[in-house]
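Below is one structure; the comments refer to it alone.
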Amino acid sequence: MFVCPNLEAGGAERQWAILIPGLSERGFAVSVITLDGRGVYFEELRARGVQIACARLRHRADPFGLARALRLGRPQSSAVVTRGLSAHLVGHVLARRQHAAHVVTEHLGPDPLGMRALRRHQELLLGPMRPHVTAVVGVAQSQKEQLVRDGYRPEAIRVIVSGVADDPPVRNREALRTELDIAPESFLAVLVTTLRPEKRASVFVDQVAAAHAAEPVVRGLVVGDGPDTASVVQAVERSGGVVRMLGFRADAVDIMHAADVVCLTSAVEALPMSVLEAMSVARPVIATHVGGLSEVVVDGETGLLISPDQPWEMAAELVGLARDASRLAQLGQAGRERQQRLFSIEAMTSGYAELLADLDRPAQAHR
């Protein structure tokens, strides 16, 4: 049983939308409960035959919504897999009631600046739970130290990297660029992310504008929406048309394929799905050297890593790649080969299948 707040647009949500059908295809009886809403991947999972329902919580302390969640969770499960604070708490109760394993998934990278720090009352709620979860799954080795500091047992931590489709089907590149009003000669940089403060999308906009000043073919697109949209809009307006916003797009992979380079300017990351998807369509990545990004992007071989404290490095790298088509192609192809070798759907699904099978043996003995 997978439990999460919702399945709105985001990397972690997209990972579950890929993983859950894969486990079902391997013979696992999988169900999903969302707590406070549905989201863009809810109906997608239902259409693929996954048993899924929403508890319709109006807020985290909604007694009627919590009761619905517990009723929805009545079928016996050998493992309850959770993502997000509210889901961790509800899932822990469900797991204890069913004598099932509780598997927490954590997608947040190290956060030295505290940009995604939990509030005190949230820590007080999660703190007592963490030592008692059966397993905690991270997506990058860089998360381990923080997970231990958070209170998870070291022996409970497993790292299962995310995976994406090899050679995903994409639209014709030239046709989509025409549709997006991107000139054939333009060098297009794209940022695909949920617009939250730690993603620093305004930094991307400013650096694309700076690169354009040195090399006029450089242009940019921001794909995504979120709570930081207003500040990103202001940055886009400052760019004078060099960068445009598209909002959320279900065809984000098509847009990355239509781009020349995919960028990431985050201050906090673990292993972002957008980077893996860029690599799958042979697009080089320019990203900040934070969290698990160095586990994915090999600097100078499959992409370029820049210091999060020196964002102007992105503008310089954009100009360099815009003037070196051969290097651009080499980085993109090397990234594609690395993604297929290490970050496939098969590898991710196998990792979870092995974990869940291991956890099911003691549960069967108990039953």
Among the residues of the range 323-353 satisfying the criterion of being among the aliphatic types (A, V, I, L, M) and loosely packed, with under 14 Cβ neighbours inside 10 Å, which is nearest to the chain's Cα centre (by Cα)? A329
Residues that are of a type in the set (S, T, Y): which helices (runs of 4 or more DSSP H) entirely in the range 297-367 hold 1 or more of them? 325-342, 345-366
Just name the residue that is nearest to the chain's Cα centre (by Cα) out of those in the range 56-107 that are crowded, with 20+ Cβ neighbours inside 10 Å and β-branched (V, I, T). T105
Could you please let me know if A117 is over 29 Å from R244 (Cα atoms), at pLDDT below 95, small (G, A, S) and more than 19 Å from the chain's Cα centre (by Cα)? no
Long-range neighbours under 9 Å by Cβ, at least six apart or interchain, first residue of a type in the set (V, I, T) within the range 316-340, second surrounded by fewer than 18 Cβ atoms within 10 Å (Cβ to Cβ): V319/A214; V319/E215
In this structure, does L305 turn out to be out of contact with any Cys (no Cβ under 7 Å at 6 or more places or on another chain) and closer than 23 Å to A201 by Cβ? yes
For the range 284-299, give me each residue that is closer than 10 Å to L331 by Cα, open to solvent by 10 Å² or more (accessible area, probe 1.4 Å) and touching a strand residue (DSSP E or B) at 6+ places or on another chain (Cβ under 6 Å). D299
Could you tell me which of the residues A282, A357, A316 is modelled with pLDDT under 95 and either in contact with a helix residue (DSSP H, G or I) (Cβ under 7 Å, 6 or more places away or on another chain) or of a type in the set (G, A, S) (or both)? A357
Residues in the range 32-55 that are within 17 Å of G84 (Cβ to Cβ) and open to solvent by less than 50 Å² (accessible area, probe 1.4 Å) total 13
Return the residue satisfying two criteria in turn: it lies in the range 194-219 and is in contact with a Cys (Cβ under 9 Å, 6 or more places away or on another chain) and farther than 17 Å from E269 by Cα, and of such residues it is most open to solvent (accessible area, probe 1.4 Å). Q207
For the range 249-272, how many residues are closer than 13 Å to T194 by Cβ, among the aliphatic types (A, V, I, L, M) and buried (at least 24 other Cβ atoms within 10 Å of the Cβ)? 1
Inspect the range 34-41 for any residue being in contact with a Phe, Trp or Tyr (Cβ under 8 Å, 6 or more places away or on another chain) and in a helix (DSSP H, G or I) and give the result as yes or no. no
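One line per residue, one yes/no per condition, for (1) outside any strand (DSSP E or B); (2) touching a Cys at 6+ places or on another chain (Cβ under 8 Å):
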site	(1), (2)
R96	yes, no
Q122	yes, no
P131	yes, no
K144	yes, no
R158	no, no
S162	yes, no
R171	yes, no
L176	yes, no
V190	no, yes
Quick check, is V222 part of a strand (DSSP E or B), buried (at least 18 other Cβ atoms within 10 Å of the Cβ) and touching a Phe, Trp or Tyr at 6+ places or on another chain (Cβ under 9 Å)? yes
Return a yes/no flag: does the range 18-31 have any residue that is without any contact (Cβ under 8 Å) to a residue 40 or more places away in the chain, under 21 Å from the mean Cα position of the chain (by Cα) and open to solvent by less than 10 Å² (accessible area, probe 1.4 Å). yes
When you look at V3, is it under 21 Å from the mean Cα position of the chain (by Cα), among the hydrophobic types (A, V, I, L, M, F, W, C) and crowded, with 21+ Cβ neighbours inside 10 Å, yes or no? yes
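The values are calculated or read from the model by the stated rules, or taken from the named source; none is laboratory data. Here the structure is a predicted model, which is why all the values come from computation and not from measurement. Here the Cβ is made from the backbone with ideal geometry for all residues, glycine too, and neighbour counts use every protein chain on show. The accessibility values were calculated without ligands, DNA or RNA, using every heavy atom of the protein model including side chains. Shrake-Rupley method; radii C 1.70, N 1.55, O 1.52, S 1.80 Å.
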